[in-house]
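For reference, the structure is listed below as C-alpha cells.
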Amino acid sequence: METQSRRKFLGSCLVGTAIAAVAAALYPLYRYLAPSQSGTGTAKVTFAATEVPEGEAKFFEYAGSTGVVVRTKGGLIALSAVCTHLGCIVQWEKDKQDFLCPCHAGRYTPEGTVISGPPPRPLPKLPLTQAEGKIIIG
C-alpha cells in the first residue's frame, strides 16, 4: 500500500513538471504572437527639462517601447532606445558621449547615427517639443 502511494506521488510530480515545462516553452511564443497591450501610440510623455542635464540621458517608456532623451551642446534629441540590429535596449555611456548596444557592441552617436558594429540603421527619432521648462515627447 505504501509503495502505491509513492508511485502516485511521483507520477503527480512528473505530470506537474511536464505541465510546467510545456507552459514555460509556450508562454514566450504567446507573448511574441499576441498583439501589443499598448494603446495607439498617441500618448505623450512629459517631464521637467531639468531632469536631463547637459551630457546626460533620460530613458522612458513611450508607445509600448523604450525611448531616450539626450541633451548635447547642440540641444535636446529624442530617440528610440531600441537597437536596430536585434532590438536590445541601448545604454548611454556618459564618459564616451555615445550609445552602446550591450548585445553585439553596436555604437551610436548622440544623434542616433551608427558609429560601429552590426546595426543596419540609425536609431529612429521621436517627436520632441520643449515648452515652459518641460520636455514633451509625442
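Each value in this text was obtained by applying a stated rule to the coordinates, not by laboratory testing. This is a predicted model, so every value here is computed, not measured. Methodologically, a virtual Cβ is constructed for each residue, glycine included, from the backbone with ideal geometry; neighbour enumeration extends over all protein chains shown.
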As I understand it, the value is the acute angle between the Cα axis of helix 2-33 and the longest principal axis of the Cα atoms of the chain; what does it come to in degrees, rounded to 10?
30 degrees
Do the sum for the chain: with -39,500 (n - 2.57) for every DSSP H run of n ≥ 4, divided by all residues, what is the mean residue ellipticity at 222 nm, to the nearest 500 deg cm²/dmol?
-8500 deg cm²/dmol
Short version: ³J(HN,Hα) in whole Hz for each residue of region 95-105, in order, from phi by Karplus 6.51 cos²θ - 1.76 cosθ + 1.60 (θ = phi - 60°), x for Gly and Pro, what are they?
5, 9, 6, 8, 9, 10, 8, x, 6, 9, 6
In Hz, Karplus ³J(HN,Hα) per residue of region 59-76 (6.51, -1.76, 1.60; θ = phi - 60°; x = Gly, Pro):
8, 7, 8, 8, 6, x, 9, 9, x, 8, 10, 10, 9, 10, 4, x, x, 9
Output for region 46-138: GluC sites (Glu not before Pro) sitting in coil per DSSP, at most 15 other Cβ within 10 Å, listed by number, reads Glu54, Glu56, Glu111, Glu132
Which Cys residues of the chain have no other Cys beta carbon under 4.7 Å away?
Cys13
Can you work out ³J(HN,Hα) from phi for every residue in region 77-92, in order, using Karplus 6.51 cos²θ - 1.76 cosθ + 1.60 and θ = phi - 60°, giving whole Hz and x for Gly and Pro?
9, 10, 9, 6, 8, 9, 4, 7, 7, 10, x, 6, 8, 6, 10, 7
Tail weight of P(r) past 24 Å, computed on alpha-carbon pairs of the chain, percent:
48 percent
Under a Cβ-only charge scheme (Lys and Arg +1, Asp and Glu -1), can you give me the dipole magnitude of the chain about the Cα centre, in debye to the nearest 20?
440 debye
At a threshold of 8 angstrom on Cα-Cα distance, excluding pairs fewer than six apart, so keeping six or more, what relative contact order does region 45-137 reach in percent?
25 percent
